[in-house]
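First comes the structure, then the notes that go with it.
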Amino acid sequence: MFEALKALIADLTSGADDGEFGERDHRVAAAALLVHLAEIDGETGAAETERIRTIVSEKFGLNAAETSRLVAAAIRSDREAVDLYGFTSLLKRKMDAPERLQVIEMMWRIAYADGEADELEDNLVWRVAELLGVSSQDRLALRQRISGKSGPAVD
C-alpha cells in the first residue's frame with residue numbers, strides 16, 4: 001500500500017512517467033492554452049500553428065520531435081478540457097509569477113501571429129491572466145510590447 005501511495009504522489013508531481021508529456025505537465029497546460037487561443041476564432045492559420053511550435057520549442061528548450069509530441073498532447077488536452085481552470089490552476093501551482101507572465105506573453109504572441117488580436121483572443125488572454133493572477137497592468141504592458149507599440153518582450 002505504501003508503494004502504491006508513493007507511486008501516486010510521484011505521478012502527481014512528475015507530470016509524466018514515461019518520458020512523454022502527461023496531463024499534469026505544466027508545459028502541456030501552457031501549450032493547450034496557446035492551442036485554444038489559436039482555435040478560438042475558428043480559423044487556425046499556418047502562421048499561428050508555426051508560432052505555437054516556435055514558442056514552445058524556445059520556451060521549454062525542446063527539439064523538433066519533442067515539440068511535435070508536446071503540441072499533440074496540448075491539442076488532445078484542449079479538446080478534452082471543459083474549462084480553462086484545469087490549465088490555469090496547474091500553471092499557478094507549478095510556475096512562479098515571472099513564469100506566469102511569460103505564459104501571457106506567449107498568448108499575446110499567438111494572438112498577434114496574424115498581425116492583430118481580435119475580440120475573442122483579447123477576451124481569452126484577459127480571462128487567463130485573471131486566473132493566473134497576472135495584473136491588468138502587466139497584461140496590457142505585455143500586449144503593447146508584443147503588438148509592436150513599445151519595447152522588447154519579457155525575459
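What residue, of R127, R79, R100, is assigned to a helix (DSSP H, G or I), at pLDDT below 95 and either among the acidic types (D, E) or closer than 26 Å to G22 by Cα (or both)?
The unique qualifying residue is R79.
Taking the stated definitions as given, is L33 surrounded by 21 or more Cβ atoms within 10 Å (Cβ to Cβ) and touching a residue at least 60 places away in the same chain (Cβ under 8 Å)?
Yes, satisfied.
Just to verify a result, which residue in the stretch 1-46, among those that are β-branched (V, I, T) and closer than 18 Å to E80 by Cβ, is modelled with the lowest pLDDT?
T44
With respect to G148, is the statement that it is surrounded by fewer than 16 Cβ atoms within 10 Å (Cβ to Cβ), out of contact with any helix residue (DSSP H, G or I) (no Cβ under 6 Å at 6 or more places or on another chain) and under 16 Å from V28 (Cα atoms) true?
No: the conditions fail for G148.
The values are calculated or read from the model by the stated rules, or taken from the named source; none is laboratory data. A quick note: this is a predicted structure, and the numbers were derived from the prediction, not measured. Please note: Cβ atoms are built from the backbone with ideal geometry, for glycine as well, and neighbour counts cover all protein chains shown.
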